[in-house]
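A.B. asks: Can you read through this structure? Questions will come right after.
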Amino acid sequence: MSLLGWPLLVLSILLAVAAPVGCALLWGRVRGTGAWPVRVSLIVLSQVTAVLVAGVGLNDHFEFFASWSDLTGQNGADAPIQQQNGGSEPLGRGLSKRLRKDFRPDHGKNTFSAELVGAKSGIRSKVWVWLPPQYQQHPQQRFPVIELFPGFPGTPVTWLHTMQGPKKLQEAMKKGAAQPYILVAPTITVVPGHDTECANVPHGPKVATWLAEDVRRIVTENFRALPDRDAWGTMGYSTGGYCAAKLTAQYPHLFRAGVSMSGYFTPSTAALAKVQGENVPALLETRHPPIDLLLTASKQDPGTTNAVNTMVKAARPPSIVYTYVVPRGGHNIGVWTAMLPKCFQWLTTKLTHAS
C-alpha cells in the first residue's frame, strides 16, 4: 500500500474510529486483577490511531514523505545531473576584506552570526556565516561564497544543523569533489510569519535587495570573500529553492550559478504574482541571463518535476539549465540532505576557486 493516496488515509480513519469504539465495548468486559493494564492499553491504542490519522492526513496533503522507503530514510539520491540546453560564458574575479567585530561565534565551530542593517534595503536582520577549515589554515586566501536559503516557515540555521550543510561540504571536500566555500545563511523571513518569497514587496520590505546586495556587502566587508559574481552561488530548498533560482536570474551580475532543491518558480503569493521579475521562467525567456541553474526534483514529488520541466522549456542560451531528478523521495529534508554532495560538486564546476 502506498504511503500517499486515499487507501492508507481511509484505513487510518477506520482504525481511528474502530479503536475508541472497541475500547468502549471492551471496557466493561475486562475484569479481575489484569483489568487495568488491558484498559490502559486500549486507551493508548485509541490515542495512537488518532495521532496516526492526523499524521497520514498531513503527509497526504503536504507530501513530506512520498514512499515507505522515503519514510525510513532510504532516499534515492543516485541520479545523473543532465545539461538541458546550450552554453554560457565565464566572468572575472575580485578583492576581499577582513573580519570585523560585528560577528560573534554562534551555533558551533567556525560559525559566526551578526544582526545588521542592510545599507540599501534598510532591513535589520541576522546573518550566519560558516568558514571552511582552510580559512584559518591559509590566512591570505580568499574564498567563493554560497548563499543558503531555507524553506518557509523555516530558519537559516537549519542549513547548519538539520540539513548538515557544513558537514556534507567537508565530506565532499575530503573526496576531492568540492572546493572550500564560505557558507552564508541569511534571514529570508524578515517579518516573522510573513512569506515575502525573497521579493522586494510593493510597499513592503525590500527582501531581494537585502539578500542579493546587502548580504553580499556585509560578507565581503567582514570576511575574505571573493566579491566577484563568478565566485558567488545560491542554494535553497522548497521556498528557498525558488529564492535561489529567482535571485540568480534577477541579479546575474552578482550570482554565477544557483541550485534549487525541490523548488517552485512562480510566486505563490497573490500580491507578488503580478510583480514583474518574480516569474523565473519568464525571466529566462525574456532576459537570457548568463547563469547556470541546477534544478533538483523527485519523481515521487510530482509538483517539483512539473516545475523543472517548465524551466527547461523556458531556458535559452546563455542561460543553462541542468536537472537532477531522483527516483524516490518526498518533499523533505532527508531527500535534500542526500542531494547535497552532488549539488556542492556541481557548484564547484561553475564557481571561481579560492585564490
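The values are calculated or read from the model by the stated rules, or taken from the named source; none is laboratory data. Because the structure is predicted, anything quoted here is derived from the model rather than measured. Heads up, the Cβs are rebuilt from the backbone with ideal geometry, glycines too, and the neighbour counts pull from every protein chain shown. Surface accessibility is based on the protein's heavy atoms, side chains included, excluding ligands, DNA and RNA. Shrake-Rupley method; radii C 1.70, N 1.55, O 1.52, S 1.80 Å.
A.B. asks: Hey, any idea what % of the chain's accessible area is carbon plus sulfur with a 1.4 Å probe?
C.D. replies: 59 percent
A.B. asks: Further question on the same structure: Could you work out the relative contact order of the chain, using alpha carbon pairs under 8 angstrom and six or more residues apart, expressed as a whole percent?
C.D. replies: Worked out over the chain, it gives 22 percent.
A.B. asks: OK, next. In whole Hz and in residue order, list the ³J(HN,Hα) couplings for region 222-228 that follow from phi through the Karplus curve 6.51 cos²θ - 1.76 cosθ + 1.60, θ = phi - 60°; x for Gly and Pro.
C.D. replies: 10, 9, 7, 9, 5, x, 5
A.B. asks: Unpartnered cysteines of the chain (Cβ-Cβ under 4.7 Å counts as a partner)?
C.D. replies: Cys23, Cys343
A.B. asks: Which whole-number percentage describes the relative contact order of region 98-250, with Cα contacts under 8 Å and a sequence gap of 6 or more?
C.D. replies: Reported as a whole number, the value is 31 percent.
A.B. asks: Using alpha carbons only, how many degrees (0 to 90, rounded to 10) separate the axis of helix 35-62 from the longest principal axis of the chain?
C.D. replies: 40 degrees
A.B. asks: May I ask for the distance between the Cα centers of region 5-51 and region 267-289, given as a whole number of Å?
C.D. replies: The distance from the Cα centre of region 5-51 to that of region 267-289 comes to 51 Å.
A.B. asks: Lysine pairs in region 135-290 with Cα distance under 18 Å, only those 8 or more apart or on different chains: how many are there?
C.D. replies: Lysine pairs satisfying the spacing and distance rule in region 135-290 number 4.
A.B. asks: Springs between alpha-carbon pairs under 10 angstrom, Gaussian network model over the chain: which of Pro150, Pro37, Pro317 fluctuates most?
C.D. replies: Result: Pro37 has the largest fluctuation of those listed.
A.B. asks: In whole Å, what three semi-axes, largest first, describe the equivalent ellipsoid of the chain built from its Cα gyration tensor (square root of 5 times each eigenvalue)?
C.D. replies: 42, 23, 20
A.B. asks: Turning to a different aspect of this structure: How do 180-189, 9-18, 125-134, 228-237 rank on mean C-beta neighbours within 10 Å, highest first?
C.D. replies: 228-237, 180-189, 125-134, 9-18
A.B. asks: Let me ask something else about it. Output wanted: per-residue J couplings in Hz (rounded whole) for region 151-167, from phi through Karplus 6.51 cos²θ - 1.76 cosθ + 1.60, θ = phi - 60°, x for Gly and Pro.
C.D. replies: Per-residue couplings from phi come out as x, 10, x, x, 9, x, 5, 4, 5, 8, 10, 4, 6, 6, x, x, 5 Hz.
A.B. asks: Here is a follow-up. Could you state the number of Å between the C-alpha centres of region 213-234 and region 101-157?
C.D. replies: Distance between centres, Cα-based: 10 Å.
A.B. asks: Once both axes come from the Cα atoms, what is the angle between helix 239-250 and the longest principal axis of the chain, in degrees from 0 to 90, rounded to 10?
C.D. replies: With rounding to tens, the tilt is 20 degrees.
A.B. asks: Helix 333-348 sits at what angle to the longest principal axis of the chain, using alpha carbons and giving 0 to 90 degrees rounded to 10?
C.D. replies: 20 degrees
A.B. asks: Let me have the relative contact order for region 205-355, percent, based on Cα pairs under 8 Å that are six or more residues apart.
C.D. replies: 21 percent
A.B. asks: At 222 nm, what value in deg cm²/dmol follows for the chain if DSSP H runs of at least 4 each add -39500 (n - 2.57) and the sum is divided by all its residues, to the nearest 500?
C.D. replies: After summing the helix terms and dividing by residue count, I get -11000 deg cm²/dmol.
A.B. asks: Then there is this: At 1.4 Å probe size, with every protein chain present, just tell me what the per residue accessible area of the chain comes to in Å².
C.D. replies: 45 Å²
A.B. asks: Can you figure out the FRET efficiency of Leu25 with His161, using R₀ = 41 Å and their beta-carbon distance, to the nearest 0.05?
C.D. replies: Calculated transfer efficiency: 0.30.
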